[in-house]
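Here the structure is laid out as structure tokens; the discussion comes afterwards.
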Amino acid sequence: MKSIKPFNLIYSFILFFFLHISYAHIENTHDHEREKWFFQDSSGPFIAEFISFNGSDVFLKQKNKIFKYELSKFSMEDQLTILKKGELVKKINTTSSIKKYSDSKFILKSLQSKRLIISFLVLILSLLTLISLFPSFIAYSRAISIITYILLLIFLACDSKEIITESGNDDEILVTSSVDNNTSNSSNTTSNEANSSNNLELIKSYFNNFSDVSITSNNDYFFVSSYSWPNHPMGIGISSWQEQVPIPQNYTGDNSWQIPLNPKMAETPIDTSVNLFRGAIAIAINGIPIFNVLNNRGENAYEKGELDNWGGHFGRGDDYHYHMIPLHLQEIVGDDQPLAFGLDGYPVYGLTTENLDDAFGRYDSNGNYRYHASSKSPYYMPFVKGEIDIVNDGIDPQPSQNPIRPSDSFKPVSGATVTGFTQTGKNSFSFEYTVDEVKYYVNYNWDENCKFTFTYIDENGGTTNLPHNGSLADNSSENSESHINQDACKDVVYNSG
């Protein structure tokens, strides 16, 4: 027998190499598409390929096994990812057709048959490769092996890109290759409604940690209802105070916050350094509105000492609101969830090391836009990127406030620092501020008839020479005033801890 030529050895090595790659491709199809998924009750990742999302259940594929999970089981970050992927699959499916097979055994058998055919072709190639080592068979085996390998490649290329999902038993396997052209419009509508409903449920979950906040919706917006009364202390730390104190705000019903369910990017972002000084530009997940970091005079409220230790203060309507993203809420919800929603509809997250655009925002891995808080001025949303309507330098619509006292003449009290705020009884509070090391108080309450009473004294009970700046007339002999307001006498409890 003639010796084996070097060319044959090289040829055999190359053929074996490609056989190995081909078989690896068969056995590990879509490995590159596998992702890490995290569940709320588990710290470790689950590595699997996303298959489909039907509005309540998520289907993942790991090797030859299909797994079904409820959307709520995933981490909030992964829930957003799944919603985005589900929308993408839905768009792709609108140009194809869906075929459902109730006979799961038929599907399994057809899949097994394909594997057998592939395995048979690989076996033939392997045998022919070995035979090709012998010179007497080279002329035939080489041609046959090449033809067989070409057939294998054609088979792989023509293999349908089927998505196989199951719910844990063989009787509920769904094979999706395309959308049936006869699918009715009502079916598409139902699917869209399910996705919209599921998106709303995810949004609601962000607010779930706060009992005094509720979410409702219509087809275009979700509405945030609250009394703007946070479950954390207020006022402490303000060093530029203008005699406002916190009163519940009736941001409910028709006076709720309105946010787009499907935000759209504006052609021209709104520069918040010269716009939107009136009213809020975002709403925190605890129901507290967030105003421009610049006050109504165009000054940085934080840098002017107007904010308390939680990033908020009291406005002209005695309404508590933030001028910063409330990063302290991450202690409650974690650092992987939004802390607020811009009134343009885009979520606002905490600090990040990712590169941000001029609006302190970025697109996540799923193509969804989000804002972030920043450690540099202006700290959040230098621009509003989404479509909004502006009326009188504020985003419209938004709720109206419930002012108790006429406060147009109120101005910062010189040298005043807010040093205490306590609850002294049912809907009764004592607000403490210090000027030149002397403590002064605004003691106020409201009764069941919505009568609000404010009393101004110093630490010794004195009622004269109070360092007011608009809350009392300069020539007033009274240190008390009363007002009626039917909209703001909600029963509230103050958390001073």
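The values are calculated or read from the model by the stated rules, or taken from the named source; none is laboratory data. Model, not experiment: these values are computed from the prediction. Here the Cβ positions follow ideal geometry from the backbone for every residue, glycine too, while neighbour counts run over all protein chains shown.
At a glance:
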| item | result |
| --- | --- |
| Qualifying residue in segment 267-274 (condition: within 17 Å of the chain's Cα centre (by Cα) and either part of a loop (DSSP other than H, G, I, E, B) or surrounded by fewer than 21 Cβ atoms within 10 Å (Cβ to Cβ) (or both)) | no |
| Output for segment 298-335, where each listed residue is under 17 Å from residue 376 (Cα atoms) and of a type in the set (S, T, N, Q) | 300 |
| Scope segment 295-315; condition touching a residue at least 60 places away in the same chain (Cβ under 8 Å) and either acidic (Asp, Glu) or buried (at least 21 other Cβ atoms within 10 Å of the Cβ) (or both); matching residues | 303, 306, 307, 308, 310, 312, 313, 314, 315 |
| Wholly enclosed strands (runs of 3 or more DSSP E) of segment 379-497 bearing at least 2 residues crowded, with 18+ Cβ neighbours inside 10 Å, touching a Pro at 6+ places or on another chain (Cβ under 6 Å) and not β-branched (Val, Ile, Thr) | 383-386 |
| Filter result for residue 317 (part of a loop (DSSP other than H, G, I, E, B), under 25 Å from residue 451 (Cβ atoms) and not acidic (Asp, Glu)) | yes |
| Residues being surrounded by fewer than 21 Cβ atoms within 10 Å (Cβ to Cβ) and within 20 Å of residue 300 (Cα to Cα) - total across segment 361-371 | 0 |
| Some residue of segment 224-233 being crowded, with 17+ Cβ neighbours inside 10 Å, closer than 22 Å to residue 79 by Cβ, modelled with pLDDT of 95 or more and not acidic (Asp, Glu) | yes |
| Residue within segment 241-252 that is within 23 Å of the chain's Cα centre (by Cα), buried (at least 21 other Cβ atoms within 10 Å of the Cβ) and assigned by TED's automatic domain parsing to the domain that holds residue 324 present | yes |
| Members of segment 253-266 found to be under 18 Å from residue 213 (Cα atoms) and within 21 Å of the chain's Cα centre (by Cα), listed by number | 256, 257, 258, 259, 260, 261 |
| Among the residues listed as 490, 439, the single one being at pLDDT 90 or above and over 18 Å from residue 317 (Cα atoms) | 439 |
| Leading residue by the ranking (farthest from residue 295 (Cα to Cα)) among those in segment 323-370 that are outside any loop (DSSP other than H, G, I, E, B) and free of Cβ contacts under 8 Å to residues at least 24 places away in the same chain | 363 |
| Unmet criterion (only one of (1) in contact (Cβ under 8 Å) with a residue 60 or more places away in the chain; (2) among the charged types (D, E, K, R); (3) in contact with a strand residue (DSSP E or B) (Cβ under 8 Å, 6 or more places away or on another chain)) for residue 411 | (3) |
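For every residue, the table says whether it meets (1) in contact with a helix residue (DSSP H, G or I) (Cβ under 9 Å, 6 or more places away or on another chain); (2) within 30 Å of residue 490 (Cβ to Cβ); (3) not acidic (Asp, Glu).
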{"site": "337", "(1), (2), (3)": "yes, yes, yes"}
{"site": "359", "(1), (2), (3)": "no, no, yes"}
{"site": "380", "(1), (2), (3)": "no, yes, yes"}
{"site": "407", "(1), (2), (3)": "no, yes, yes"}
{"site": "416", "(1), (2), (3)": "no, yes, yes"}
{"site": "432", "(1), (2), (3)": "no, yes, no"}
